[in-house]
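**Q** Got a structure here, written out as structure tokens. Questions coming.
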Amino acid sequence: MQMGSRWVRRVFGAVSLTVMSMIGIADARDLRININADPEMIDPVTYSALIAGDILKNIYQGFTDTDENGRIVPVLAERWEAHPDNLGFRFHLRRNVVFHSGRPFTARDVKYTLEQLLIPGNRGGLARQYVERVEGARAVIDGQTRELSGVRIVDDHTLDVRFTAPDVLFPIYPFMFFDSATIAERGLPYFQQTSAGTGPFKFVQWRRGQDVRVEAHRQYWGGAPRVDGVTWVIVPSDETAITMYEAGELDVLNLTGGGGDVARRAMRDSRLRPQAITSPVAQINFLGMNQNLYAPFRDRRVREAFCISIDREAMSRGLFGGLAVPLYGQITPGVAGYSATNIPPIRYDPDRARQLLAEAGFPGGRGLPPLKIANLPQFRNEIAYFADQWRQILGVTVELEIMERALFLRSLNAGEVPFFNWGWTAGYPDALYFLSQVWHSRSPFNRARYANATFDRLIDQAQSTANDAARYSLYQEAERVLIADWGTCGLYMRTIVAVVRPNVRGVVLSPFRFLPFDKVVIN
Amino acid sequence: MNAAEAVLEPTGLRDFLRRFVRNRSAMIGAAIVVSIATAAIAAPWITPQDYQRTNMIFVWEPPGEDYVLGADQLGRDILSRLIVGARVSLIVAFSVLAIAMVVGVAVGMAAAWRGGWVDTVAMRAADITFAFPELIIAILIAAMMGPGIPTVIISLALVSWPGIARITRSLILSLRNELFVDAAIACGTRPVTILLRHCLPNIVAPLIVRASVGVGFIIMAEATLSFLGIGIQEPLPSWGGMIRDGLVALRTDPHMALFSALVLGATIVGFNLLGDGLRDLLDPRIRDR
Amino acid sequence: MVTYILRRLATLLPVLFAAVILTFVANQFVPGDPVLIMLGDQSADTAQADRLRREYGLDRPIPEQFIGYVSRLVVGDLGLSFRFPGVPVTQVIQDGLAISPFLAAGALALAVPIGLALGIFAALRRNTMADTGIIMVLVVGMSIPNFAMAALLVWLFSVQLGWLPVAGWGRASQAILPIVVLAIPAAAYVARLARTFMLEVLQQDYIRTARAKGLRERIVIWRHGLRNVLVPILTVLGVIFGGLITGTFVIETLFNIPGLGRIAIQSIFARDYPVTMGIVLLFTALYASINFVVDLLYGVIDPRIRLEARR
């Protein structure tokens, strides 16, 4: 096989890299933390997934962020006020904020970021839908213009945003503003190689399958970070990560990503337990039952039967070793709009489940077309438990389909998975995040393709209700509609765990996972 | 066992058995194989518990009274899963062997008897399969078919037939000049009849040896595929998959990883010892491929 | 000699060509529209889909795609990844490129001397307890799959004794267990062959003659015995290396080593066919080249082979 000299150079490059790293050239003052897969992407435009978010929140920032209790704190917007007609906001941006490139952050960059999210072909991710209510968004999406007319630059640090319909949560949406000059010069793929944010760390490099490294942004407006940088080491197996931690190769053992099995183990380990930090996580876990792809799911009784065959209490204690609590509805404690009494506990009721399935015309599971439940390898145990419950109680054989992460996410997003369980971590501390993103029929992240007109109407109404109390009662009504219809059912809420070396301070877990690492100190 | 007996002629079956019993390592191998095979066949009746039954109260239960070898990450009985795993493993191994034998013997016979382009094509095909490491072929097929038992069987059969075809071909070639073959040809017997009726009995012994050596490899390859997640899928247990799940708990609950690794290792050792013993006794000429 | 090399080369090319055809055909038959896999969220965006189809050349007729595939291969271009849209396969695999061959070579360097020593030792002590013991150890070493062996060794050396790291890549100590686990079956295989060949050699007339001449046993063994054992061992180096390369798929996954094997496994799960096929092609090429080199060496050592090949 003929390979060009380019290849020869690459082979030698890789060899010398391997040799160099084996001799042990390391940056002693980097914070080293594990992640269990490659980030799905490393740019703020297409950003739409968890691991990428954990990294990107150290590089890019929005108007606001959440503190360790899940409360909103101003970040790049110092303050904002609603327009009198409730159809817009005026933002006063923080001064003296400097991008990683050294350029000052201005209102122009905000406008540019919002436009880039919408421009066709840019594959705008999670944040794209936050911009869709802005005036003129349609024209940009349709490719008629690249100019977002609803965003008006008043001066370098003042900006008006106008909506086509009220959007009271706009200031707390997790945007990631980036340097318009850098991107305009080099084009979007430039994100793979450089850093264009205002956050405490600058992106340095991503070696696929190996690690992602960022370094301190010395001119960070919140004060230069106390560590030289952060290295996220890609370690697919958490068990491997534990050993690396014990060998001193990790400063933070991040156990927030796996199926909970290893986190449970760490909490039983006398050496690791004293160094552990935990937090409940603002993440709903639910059963996705696609009624278009699996006809029996159109019957409410079938959906209920599947839901009440799962023993949430036993699962939280057994499979998660106490590092989870049962979840019944689709709003977690810790986000605005939660009410402990809104959804009564879902009782584990095998007899009723059997009876419901029989009433639906499938006594003992007979007559049901073949069914598969899909998930990632690290959730194999959860679906094996569910499948066995359905086998034992309903007499239904549910096959397990284990899929690779990137493919599974794509299939989910394309609405091609008939049956799955999945989690959704809140991006901002408001129940709307769960309800509108996961269950509104127009949301691209409604992966079960659930559609309920009453539910949609309540959510639309909530989105334009400025009064908090009135809005929360709309959320709760919507949640009741969703659960009463057995459109889904909650499963559990995880307690996330990380283990931190005693010489490292300032690593904080919040319901929104790790806070940015700018206050971390390594002694 | 008519065929084997025929080959064993001048010494006789009794003598064969006596020599076999005297070969200590072959006896150890046979003992292991017989016990694993018995467990596999009797699996539906001897598993102490339902191998699929999860129980959230007994997650990672250590070995004890109710769970002789402990319970796994879902509170399922490890012993029962090891026994059913043996059944799965042996079913896959013998399916692979059956396919590879039929294909290999047919191709080898055709190549040897017809010669010419048939021979060239068959042996080139075998060469090309040899050019890919086994696991890589299995992976290619897994990429096309998705994981599961059919993938495992087809991919392993694909890497197993060429060895058998080669042996068959060389054995038939050496038989072609024998008097009884010439006699059969002279009588106008059809080639298929000659090959099956007259030649096959004479090559059964070396083929048995080849097969017994092959089983160990097939079991190992199946376990490897399952370990990687492209083999046997849950809820069916596989030894390879159990080792993978057990590795997660190696630090605090090593029982599943260790028991499964030992059972898998012992089974393959058993088949290999038995195969070596048979080879020494039946056909000392054949070596590893 | 030159004609011999050319002749061997001529047998190598069909194998490589078969690999190229097989990978291309496999790519054609895999389920699912790659463009829709890549688009994910935007799978309804037909303009985007057309653009990707053009970018990946999937809008061309099949024969044209094949010609393109082959001509790109010649210049070392393996196409674009599905899992990371727009990223060349070469970029996805370049970081892992050196790791798998490094592990395999390390294991080979460890396995051959140890295997030879064990095998020859056993042959010289034929039919003693030591011989029987070694044979049993060899069967066990060859039988236990590498991941089961890894589980046992990691439990012993990393969990119980704490001597070695469980996994990872980057420091010398992290390479020890993977290389040892890879080397064990290879060493056992070499030892077994070495024992068989040594036993054969010891029966030969010239050894008897040498002994009869009163040469010291050590000289007899080293000068006459070892040499005749090495040649047949050399012929199976290709097979051993193939086994080691295959072993890296498992070992890299188990020890969390970012080599080609682990990338291949991840790509299979991601249905990233161009990356999978690229790696398969690379491994096949490597395997075939090793066999080619071994054949050449063999021809150098034993001229009879060259003559035989002429038939």
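**Q** Residues in segment B:160-202 that are within 18 Å of B:GLY275 (Cβ to Cβ) and modelled with pLDDT under 85: how many?
**A** 0
For every residue, the table says whether it meets (1) within 20 Å of the chain's Cα centre (by Cα); (2) open to solvent by 20 Å² or more (accessible area, probe 1.4 Å); (3) within 20 Å of A:ASN86 (Cβ to Cβ).
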| residue | (1), (2), (3) |
| --- | --- |
| A:ASP430 | yes, no, yes |
| A:HIS440 | yes, no, no |
| A:SER443 | yes, no, no |
| A:ALA478 | no, no, no |
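**Q** On the given criteria, is B:ILE194 part of a helix (DSSP H, G or I), away from every other protein chain (no Cβ under 14 Å) and open to solvent by less than 20 Å² (accessible area, probe 1.4 Å)?
**A** yes
**Q** Got a number for residues in segment A:335-344 being in contact with a strand residue (DSSP E or B) (Cβ under 7 Å, 6 or more places away or on another chain) and either outside any loop (DSSP other than H, G, I, E, B) or surrounded by fewer than 20 Cβ atoms within 10 Å (Cβ to Cβ) (or both)?
**A** Number satisfying all stated conditions: 1.
**Q** Could you please give the count of residues in segment A:67-90 that are without any contact (Cβ under 8 Å) to a residue 24 or more places away in the chain, more than 22 Å from A:PHE105 (Cα to Cα) and either touching a Phe, Trp or Tyr at 6+ places or on another chain (Cβ under 7 Å) or open to solvent by 80 Å² or more (accessible area, probe 1.4 Å) (or both)?
**A** Summing the residues that are without any contact (Cβ under 8 Å) to a residue 24 or more places away in the chain, more than 22 Å from A:PHE105 (Cα to Cα) and either touching a Phe, Trp or Tyr at 6+ places or on another chain (Cβ under 7 Å) or open to solvent by 80 Å² or more (accessible area, probe 1.4 Å) (or both) in segment A:67-90 gives 1.
**Q** Could you please find all residues in segment C:217-271 being hydrophobic (A, V, I, L, M, F, W, C) and in contact with a strand residue (DSSP E or B) (Cβ under 9 Å, 6 or more places away or on another chain)?
**A** Listed by number, the list holds a single entry, C:PHE269.
**Q** I'd like the full set of residues that are hydrophobic (A, V, I, L, M, F, W, C), out of contact with any Asp or Glu (no Cβ under 8 Å at 6 or more places or on another chain) and open to solvent by 30 Å² or more (accessible area, probe 1.4 Å), limited to segment A:483-523.
**A** The answer is A:ALA484, and nothing else.
**Q** Out of segment C:270-282, which residues are touching a Phe, Trp or Tyr at 6+ places or on another chain (Cβ under 9 Å) and either open to solvent by 40 Å² or more (accessible area, probe 1.4 Å) or within 11 Å of chain A (Cβ to nearest Cβ) (or both)?
**A** Across segment C:270-282, the qualifying residues are C:ALA270, C:ARG271, C:ASP272, C:VAL275.
**Q** Sticking with this structure for a sec: How many residues are of a type in the set (A, V, I, L, M, F, W, C) and farther than 16 Å from A:LEU159 by Cα when one looks only at segment A:57-88?
**A** Number of matching residues: 3.
**Q** Hey, another quick one. So for segment A:462-469 (the condition being at pLDDT below 95 and open to solvent by less than 10 Å² (accessible area, probe 1.4 Å)), does at least one residue qualify?
**A** Yes.
**Q** Are any of the residues in segment B:45-64 open to solvent by 40 Å² or more (accessible area, probe 1.4 Å), aromatic (Phe, Trp, Tyr) and away from chain A (no Cβ under 14 Å)?
**A** yes
**Q** Across segment C:67-82, which residue is surrounded by the fewest Cβ atoms within 10 Å (Cβ to Cβ) among those that are within 18 Å of C:ASP272 (Cα to Cα) and hydrophobic (A, V, I, L, M, F, W, C)?
**A** C:LEU73
**Q** Right, B:LEU262: in a helix (DSSP H, G or I), open to solvent by 30 Å² or more (accessible area, probe 1.4 Å) and either free of Cβ contacts under 8 Å to residues at least 40 places away in the same chain or within 9 Å of chain C (Cβ to nearest Cβ) (or both) or not?
**A** Yes: the conditions hold for B:LEU262.
**Q** Is at least one residue of segment B:188-199 touching a residue at least 12 places away in the same chain (Cβ under 8 Å) and within 23 Å of B:THR47 (Cα to Cα)?
**A** Checked against the condition, which is being touching a residue at least 12 places away in the same chain (Cβ under 8 Å) and within 23 Å of B:THR47 (Cα to Cα), segment B:188-199 yields no hits at all.
**Q** Hey, could you check segment A:231-251 for residues that are part of a helix (DSSP H, G or I) and facing chain C (nearest Cβ under 10 Å) and say which is farthest from C:ALA150 (Cα to Cα)?
**A** Step one: list which residues in segment A:231-251 are part of a helix (DSSP H, G or I), which gives A:238-246.
So of that shortlist, the ones also facing chain C (nearest Cβ under 10 Å) come out as A:239-244, A:246.
Working: A:GLU239: 14, A:THR240: 13, A:ALA241: 17, A:ILE242: 17, A:THR243: 15, A:MET244: 17, A:GLU246: 19 Å.
Ranking the qualifying residues of segment A:231-251, first place goes to A:GLU246.
**Q** So C:ALA191 passes all but one of these: (1) more than 11 Å from every other protein chain (Cβ to nearest Cβ); (2) open to solvent by 20 Å² or more (accessible area, probe 1.4 Å); (3) within 20 Å of C:ALA123 (Cβ to Cβ). Which condition number does it fail?
**A** Only one criterion in (1) more than 11 Å from every other protein chain (Cβ to nearest Cβ); (2) open to solvent by 20 Å² or more (accessible area, probe 1.4 Å); (3) within 20 Å of C:ALA123 (Cβ to Cβ) is unmet by C:ALA191, namely (2).
**Q** Can you find, within segment B:227-238, the residue that is nearest to C:GLY261 (Cα to Cα) among those that are more than 8 Å from every other protein chain (Cβ to nearest Cβ) and open to solvent by less than 30 Å² (accessible area, probe 1.4 Å)?
**A** Top of the filtered list is B:GLY231.
**Q** Being more than 14 Å from chain C (Cβ to nearest Cβ), among the small types (Gly, Ala, Ser) and open to solvent by less than 30 Å² (accessible area, probe 1.4 Å) is the filter here; which residues of segment A:395-426 pass it?
**A** Those that are more than 14 Å from chain C (Cβ to nearest Cβ), among the small types (Gly, Ala, Ser) and open to solvent by less than 30 Å² (accessible area, probe 1.4 Å): A:GLY423, A:ALA426.
**Q** Can I ask one more? Considering only segment A:253-302, state which residues are charged (D, E, K, R), surrounded by fewer than 20 Cβ atoms within 10 Å (Cβ to Cβ) and part of a helix (DSSP H, G or I). Steps first, answer last, please.
**A** Taking segment A:253-302 first, the residues charged (D, E, K, R) are A:261, A:264-265, A:268-269, A:271, A:273, A:298-301.
Filter again for surrounded by fewer than 20 Cβ atoms within 10 Å (Cβ to Cβ), leaving A:268-269, A:271, A:273, A:298-301.
A:ARG268, A:ARG273, A:ARG298, A:ARG300, A:ARG301, listed by residue number.
The values are calculated or read from the model by the stated rules, or taken from the named source; none is laboratory data. Remember, it's a predicted structure, so these values are computed and weren't measured experimentally. Glycine also receives a Cβ, built like all others from the backbone with ideal geometry; neighbour counts cover every protein chain displayed. Calculation scope for accessible area: heavy atoms of the full protein, side chains included, ligands and nucleic acids excluded. Shrake-Rupley method; radii C 1.70, N 1.55, O 1.52, S 1.80 Å.
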